Amino acid sequence: MEDIMFSLNSVWLILGAILVIFMQGGFILLEAGSTRMKNAGHIAGKTIFTFGISSIVFWALGYGFIFGENGNFLVGLSDFFYSGYEIEGMDYSTAAYFMFQLAFAGISLTIAFGGFAERAKLSVYVVFAILFSALVYPVVAHWIWGGGWLGEHGKQDFAGSTVVHLTGAMAAFAATILLKPRMGKFNKNGTANNLYGHNQVFTALGVLVLWIGWFGFNAGSTFVVDDGFFGFVALNTNLAAGAGAISALIISWMVLGKSDIPTMLNGGLAGLVAITASCAFVETWAAVVIGIVAGVLVFYSMKLFERLKVDDPIFALSVHGAAGVWGTLSTGLFATPELATVGQPGLFYGGGFTQLGVQAMGVGVSGAYAFVISFVLLYIMKKTMNGLRVTEEEEIMGLDISEHGSYGYPEAFLTKEKKISS
Amino acid sequence: MNEPEPMGPYDTLKSWRESHIGNHQTSISELNHFHDTVMQNLFDISLSEVKEKLGPPPCRFSWFVMGSAGRFEQAIISDQDHGLVYHVSNEKSREYFRELGKEISFGLYEIGYPYCDGGVMSSNPLWCKSNEEWEMQIDKWLEEESFESIRFLLIFYDARVLAGEEHGITRLKQQLHHHIEKRPYFLYRLFENTRHVKKAVGVFRQILTESHGSHAGYVDLKHSGFFPYINAIRLLAIKENISDTSTLSRLEKLCGFPEYKELEGCKVDFEKLLNFRLQQHQVSELYDDVHYLDVKKLDKKDRNEIKQILLNGKKLQDYTGTVIKRMLENEN
């Protein structure tokens, strides 16, 4: 019987890993669809090799930093270059668990790169992929999931609203500040232009792929299949995503007079990001509320960042940052005594402010760490790599041709070039 | 020393226009009288340019303006909308008036009337035809009933002759009326063509402004304010066979009918709208700018007034739809 459970759990974990890695496909569609044609090949392609970098770094360093023994305050210091060995007495294959964790590290990095879109040099992607995967993500993951100090405080972050999403978003935030807005995003009089994404169908499909992948992300985070609890986690996940899409659609219709598709899509994602921390700790009605709030929040957050002249092409700061913060705090409000296997029940269940305080501190410290370290790393890169950004001419040409020498949509551009030269 | 640039035929008119337009901004009617004078002068210059090359016009003709000029509602800067109709249908006159059409469009552009994006200009063969060809074209538009052909008919209905034979287009407009007499439902097709109104007041009764672009925070006066009024009143004018082209005089005539008494309020609203736009001139002179209103700069009274005007525009549209539907029901 134990053998069967071991196998089943391992299958579940690998399935989770596959689903989470499949989310990279969702991000490819989401990001490429939300940006312009001339950068599509670059944006899609870079996701693949940065996931490659993140995998190798996670194997060499990341896993050891997060879960290793003999740690210091920041990281663990063993189990580098994981050889595939099995740990005795575990309920599932250690290698499957490794793959599951590797997939998460990859997602956080991809979120971070959302803030780089359409203007960062290719070399910047390469270098920052290594640095983020080694020095930014593992520290926060160690603190909360790897037996670090926040985990000991009872911080609730079931599948990583903070660890994965907020960490990625904070790196994206640092990048958008240092990279400055894309050309043509803001006018001289301070107003913002809409640099429309080139394919809303891609964007919508990207959201659906992410939505499906999220069942691996959240439900997979039960690690084991024993009592079928993963079904409940999946249920909460789906409810929050649906509620977020609906509330974002409604708020955009009420405020703008038109129901905005990108806002609605971001609302669905915000619901998913928010429920990620709390999916295992709250009741279904609370999952709906968490999703509704996330949808409204993401709409105002998008507006706020634009007003602050922060150019966030894929809305990573709003979807993963603002909603990540909300999701982490939400369990401090809604966690029930029965479900809070980590930490305390939330404010609305007689737990007082204790858990909310822990959540707030966790968000604050983790967010600040990710932002400051990312900012410092990128700042050093800016100074030593002769800037983070492509030249003005390259930005106008598009990164497909300037960074890679071939177009994602050759027919759309080569004919034009021919016409000009003939 | 630089040689002074040789004077083009339109330079004198251009500088005269520029130096005088500022003195004609107290009312929309004064401004439009001024535009008329400028455009009539422009026409004379263009005609004499063509005369030099091709001699006097081979037959009688009318030059008419459409769009805001046709409606006598031009802002300080408006793009050009105009066409030509001539009597004799032969190769010689075709060639002559094509040339004249091109010259007029170029001249208007030179003195400060931007080209029309939609190509509604005498330089476009579509809008420069003999009387006979025009009749055929309008019949074709009426029969086609496509979105575009209906658009063209509505544009043409605002035509007003500025040079040449004054009644050169009256019969052409009558074709539309005859068609509607035979097929009243066509009026509803016209209504459908202009039914979409860009929403400008939200569920919280807040004014909806542009969210992006250099006019972010401004309300789109042209699409949300002017268009519903212009389109609805034009439609009622078509229904009642009113030949005036300006929205205000159409309204005036309509109010003379007992069943349209309630349009009195509409007149006040539309005048206010024209005045809001006139005030915009003092702020900016770019073509696009005059169509947007910065609601942040308005005081509370003005803001409420503009909101009411926007809401009433939508109401007027709905009202017009009801009037036409009621008419169709009575026909059956």
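The values are calculated or read from the model by the stated rules, or taken from the named source; none is laboratory data. Not measured: the values here are computed from a predicted model. So basically every Cβ, Gly included, is an ideal-geometry build from the backbone, and we count neighbours across all protein chains shown.
If A:Met170 meets every condition in (1) buried (at least 22 other Cβ atoms within 10 Å of the Cβ); (2) outside any loop (DSSP other than H, G, I, E, B); (3) modelled with pLDDT under 95 apart from one, which number is that one?
Going through (1) buried (at least 22 other Cβ atoms within 10 Å of the Cβ); (2) outside any loop (DSSP other than H, G, I, E, B); (3) modelled with pLDDT under 95 one by one, A:Met170 breaks only (3).
Kindly check whether there is at least one residue in segment B:143-150 that is hydroxyl-bearing (Ser, Thr, Tyr), out of contact with any Ser or Thr (no Cβ under 8 Å at 6 or more places or on another chain) and either within 14 Å of chain A (Cβ to nearest Cβ) or assigned to a loop (DSSP other than H, G, I, E, B) (or both).
Kept after step one, since they are hydroxyl-bearing (Ser, Thr, Tyr), are these residues of segment B:143-150: B:146, B:149.
Imposing the further condition that a residue be out of contact with any Ser or Thr (no Cβ under 8 Å at 6 or more places or on another chain) reduces the set to B:146, B:149.
Those still in the list that are either within 14 Å of chain A (Cβ to nearest Cβ) or assigned to a loop (DSSP other than H, G, I, E, B) (or both) too: B:146.
Yes: segment B:143-150 contains one or more residues that are hydroxyl-bearing (Ser, Thr, Tyr), out of contact with any Ser or Thr (no Cβ under 8 Å at 6 or more places or on another chain) and either within 14 Å of chain A (Cβ to nearest Cβ) or assigned to a loop (DSSP other than H, G, I, E, B) (or both).
Can you tell me which condition B:Gly112 does not meet? The list is (1) on the phi < 0 side of the Ramachandran plot; (2) at pLDDT below 95, and all the others hold.
Looking at each condition in turn, B:Gly112 falls short on (1).
Counting just the residues of segment B:294-315 that are closer than 13 Å to B:Tyr218 by Cα and touching a Gly at 6+ places or on another chain (Cβ under 8 Å), which one comes out modelled with the highest pLDDT?
B:Ile306
How do the helices (runs of 4 or more DSSP H) wholly within segment B:1-82 filter down when requiring 3 or more residues that are among the hydrophobic types (A, V, I, L, M, F, W, C), surrounded by 16 or more Cβ atoms within 10 Å (Cβ to Cβ) and not assigned by TED's automatic domain parsing to the domain that holds B:Val120: which remain?
On the way: elements: B:11-20, B:28-54, B:67-70.
Output list is empty.
Determine if segment A:230-247 includes at least one residue that is within 14 Å of another protein chain (Cβ to nearest Cβ), in contact (Cβ under 8 Å) with a residue 24 or more places away in the chain, closer than 23 Å to A:Leu265 by Cβ and not in a loop (DSSP other than H, G, I, E, B). Break it down stepwise before answering.
Initially, segment A:230-247 is screened for residues within 14 Å of another protein chain (Cβ to nearest Cβ), giving none.
So far as segment A:230-247 goes, no, none of its residues is within 14 Å of another protein chain (Cβ to nearest Cβ), in contact (Cβ under 8 Å) with a residue 24 or more places away in the chain, closer than 23 Å to A:Leu265 by Cβ and not in a loop (DSSP other than H, G, I, E, B).
With in contact with a helix residue (DSSP H, G or I) (Cβ under 9 Å, 6 or more places away or on another chain), touching a residue at least 60 places away in the same chain (Cβ under 8 Å), part of a helix (DSSP H, G or I) and not aromatic (Phe, Trp, Tyr) as the only criterion, which of B:Leu126, B:Leu108 stands out? Give the steps one after another, and end with the answer.
Working: B:Leu126 fails: touching a residue at least 60 places away in the same chain (Cβ under 8 Å).
B:Leu108 is the lone residue from the list that is in contact with a helix residue (DSSP H, G or I) (Cβ under 9 Å, 6 or more places away or on another chain), touching a residue at least 60 places away in the same chain (Cβ under 8 Å), part of a helix (DSSP H, G or I) and not aromatic (Phe, Trp, Tyr).
For A:Lys121, all conditions in the list (1) out of contact with any strand residue (DSSP E or B) (no Cβ under 8 Å at 6 or more places or on another chain); (2) surrounded by fewer than 23 Cβ atoms within 10 Å (Cβ to Cβ) hold save one; what is the number of the exception?
The failed condition is (1).
Could you tell me whether any residue of segment A:193-202 is at pLDDT below 95, in a loop (DSSP other than H, G, I, E, B) and more than 14 Å from every other protein chain (Cβ to nearest Cβ)?
So far as segment A:193-202 goes, no, none of its residues is at pLDDT below 95, in a loop (DSSP other than H, G, I, E, B) and more than 14 Å from every other protein chain (Cβ to nearest Cβ).
Quick one: what pairs do we get from segment A:356-367, first residue without any contact (Cβ under 8 Å) to a residue 40 or more places away in the chain and under 16 Å from A:Val164 (Cα atoms), second of a type outside the set (Lys, Arg) and crowded, with 20+ Cβ neighbours inside 10 Å, C-beta under 6 Å, 6+ apart or different chains?
none
Looking at segment B:222-236, can you tell me whether even one residue there is small (Gly, Ala, Ser) and away from every other protein chain (no Cβ under 14 Å)? Give the steps one after another, and end with the answer.
The first filter runs over segment B:222-236 and keeps only residues small (Gly, Ala, Ser), leaving B:224-225, B:232.
Next, from what is left, pick out any that are away from every other protein chain (no Cβ under 14 Å): B:225, B:232.
Yes: segment B:222-236 contains one or more residues that are small (Gly, Ala, Ser) and away from every other protein chain (no Cβ under 14 Å).
Tell me yes or no: at least one residue of segment A:66-87 is touching a residue at least 40 places away in the same chain (Cβ under 8 Å), on the phi < 0 side of the Ramachandran plot, part of a helix (DSSP H, G or I) and among the hydrophobic types (A, V, I, L, M, F, W, C).
Yes, that holds for at least one residue.
Here is a check on your reading of the model: is A:Ser252 within 14 Å of another protein chain (Cβ to nearest Cβ) and not in a helix (DSSP H, G or I)?
no
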